[in-house]
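Have a look at the structure below, then the notes.
Taken together, the values in this text are just the output of simple stated rules run on the coordinates, not laboratory data. The structure displayed is predicted, hence computed values, not measured ones. Ideal geometry is used to build each Cβ from the backbone, glycine not excepted, and the neighbour counts take in all protein chains shown.
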Amino acid sequence: MEKTEADFTMTFRQLSEITQSQLQELVIPQEFWALKMISKHKLFPAWVSQYLSRLKSNINDSDSERRKRMTAVNPRYVLKNWMAESAVQKAERNDFSEVRSLTFLDLFLFIFKCIIF
């Protein structure tokens, strides 16, 4: 991931969403753009093989269970410090406009909904 300068957040999220059969066939759908990026690396097939072998060691673990478990801990979006800091600084000056911003609140709540539920 480092060598391809992949987006780590999206790579792990997409790894959470892709099926084992898609990985095994090395068929990375276009919507998994972060995985598609790292799939161009020459060592990707070997890594996938090793990853799938590791998954097989989880006896009685279905693909859907793996995807559900991974999705719960790999958010699609990550609240960036600079976004939160800007809202906090304004709130300290009694300007809650950014905190109340639907975009900010919806994104914040969506992140936690994806993680918690």
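For this structure, a couple of remarks:
- Each of Val78, Val48 was scored by other Cβ atoms within 10 Å of its Cβ. Listed from fewest to most, they are Val78, Val48.
- Translational D in µm²/s for segment 1-58 (Stokes-Einstein at 20 °C, 1.002 mPa s, Kirkwood Rh from C-alpha pairs): 186 µm²/s
- Under 16 Å from the Glu65 label point (7 Å along Cα→beta-carbon), backbone N, segment 11-53: 20
- In percent, rounded to a whole number, the relative contact order of segment 8-73 is 45, using alpha-carbon pairs under 8 Å and six or more apart.
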